[in-house]
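Coordinate-derived values only; no laboratory data. Nothing here was measured: the structure is a model prediction, and the numbers come from that model. Cβ coordinates were reconstructed from backbone atoms using ideal geometry, including for glycine residues, and neighbour counts include every protein chain displayed.
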Amino acid sequence: EPEVTQTPSHQVTQMGQEVILRCVPISNHLYFYWYRQILGQKVEFLVSFYNNEISEKSEIFDDQFSVERPDGSNFTLKIRSTKLEDSAMYFCASRGTGGYGYTFGSGTRLTVV
Amino acid sequence: GQQLNQSPQSMFIQEGEDVSMNCTSSSIFNTWLWYKQDPGEGPVLLIALYKAGELTSNGRLTAQFGITRKDSFLNISASIPSDVGIYFCAGRRYGNKLVFGAGTILRVKS
């Protein structure tokens, strides 16, 4: 079964450092997303991306966040200057055109110290 | 607003029992989805619902899109130990954004 692949699975970073979280969506999918889940809380929408541009973003996705699809397979989330409260699981998701059943990756656990 | 109220928060049931959980909102949703999340993993799609009144099954799982479009339920029949995990409802109003419920933690006693 096709998978969304995320790397790394766990990243520890110093407060104020930049991090890039990487995702390889399912190859024929056109819509890409980042969600995050703070430990013990619900999954929250960050951003959606289609046709090489952001189509929607949440209040969480401020100027410190950016997304990029640098080539035909990768989809990245960059946090420019990490804060302690950025510590969370970050999930990448993708979907095709056949419905809204998003496929999520296994996540990257980001720990900011 | 777009909050989803999911209940119950947790359940501890005997193996073989049926399970029911639901999500409600004050807003209308156009798509309802049910996901299961195991520890340290991402949500895995169980069932997607697209029309009011739609009833869809996936093995022992059955979910319905409420007729008012403001609620959905998920039933699991004859629960087994591997059903343990966190079950999330998610709704889509317009566009691409999913709103998630807070989750139902399912523990099964064998």
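Assuming R0 = 22 Å, can you tell me the calculated FRET efficiency for the pair residue B:80 and residue B:54, based on Cβ-Cβ distance, to the nearest 0.05? Display every interim value, and only then the final one.
On the way: r = 26 Å, r/R0 = 1.17.
Efficiency, rounded to the nearest 0.05: 0.30.
So in the protein assembly as shown, what percent of DSSP beta bridges are antiparallel if you round to the nearest 5? About 90 percent, rounded to the nearest 5. Taking the Cα centre of chain A as reference, the dipole from Cβ charges on Lys and Arg (+1) and Asp and Glu (-1) amounts to some 180 debye.
The modelled label-to-label distance between residue A:53 and residue B:26, using points 7 Å beyond Cα along the C-beta direction, is 3.4 nm. Extension gain, residue B:67 to residue B:3, is 21.2 nm, computed as 0.36 nm per intervening residue step minus the present C-alpha separation. So how far, in whole Å, is the C-alpha centre of region B:30-73 from the one of region A:1-31? If we compute the Cα centre of each part, the gap is 26 Å.
Give me the one-decimal Kirkwood hydrodynamic radius in Å for region A:1-45, with the sum taken over alpha-carbon pairs. Kindly include the intermediate steps, with their values, before the conclusion.
Values: mean 1/r = 0.0776 Å⁻¹.
So the Kirkwood estimate lands at 12.9 Å.
Going through the cross-link list A:83/B:36; A:83/B:70; A:78/B:36; A:42/A:83; B:36/B:70; A:78/B:51, which pairs have a Cα-Cα distance over 25 Å in this structure? Check vs 25 Å cut-off fails for A:83/B:36; A:83/B:70; A:78/B:36; A:78/B:51.
Over all directions, the projected convex hull of the C-alpha atoms in the protein assembly as shown averages 12.1 nm² in area.
Between A:61, A:90, A:45, whose Cα lies farthest towards the positive end of the dipole of region A:18-91 when Lys and Arg beta carbons carry +1 and Asp and Glu beta carbons carry -1, centred on the Cα centre? My answer, from the dipole projection, is A:90. Compared with the alpha-carbon gap, the fully stretched path from residue A:9 to residue A:68 is longer by 19.3 nm at 0.36 nm per residue. Once chain A is represented by equal point scatterers at the alpha-carbon sites, with solvent omitted, what log10 I(q)/I(0) does the Debye formula produce at q = 0.11, 0.12, 0.14 Å⁻¹? So the normalised log intensities are -0.31, -0.37, -0.51.
Using the average count of surrounding beta-carbon atoms within 10 Å as a protection proxy, the listed peptides A:39-45, A:10-16 rank, highest first, as A:39-45, A:10-16.
For the pair region A:51-113 and region B:92-110, the centres of their Cα atoms are 19 angstrom apart. Going by the alpha-carbon gyration tensor, a ≥ b ≥ c the square roots of its eigenvalues, is region B:22-63 rounded (a/c under 1.5) or, if a/c is not under 1.5, prolate (a/b greater than b/c) versus oblate? Here region B:22-63 falls in the oblate category.
Would you list, by chain and number, the aspartates and glutamates whose Cα falls below 17 Å from the Cα of residue B:97, excluding same-chain residues fewer than 8 positions away? The qualifying aspartates and glutamates are A:44, A:53, A:56, A:59, A:62.
Starting from the Cα gyration tensor of chain B, multiply each eigenvalue by 5, take the square root, and state the resulting semi-axes largest first in whole Å.
On the way: eigenvalues 106, 40, 28 Å².
Semi-axes, largest first: 23, 14, 12 Å.
Assuming charge only on the beta carbon of Lys and Arg (+1) and of Asp and Glu (-1), the dipole of the protein assembly as shown about its Cα centre is about 280 debye to the nearest 20.
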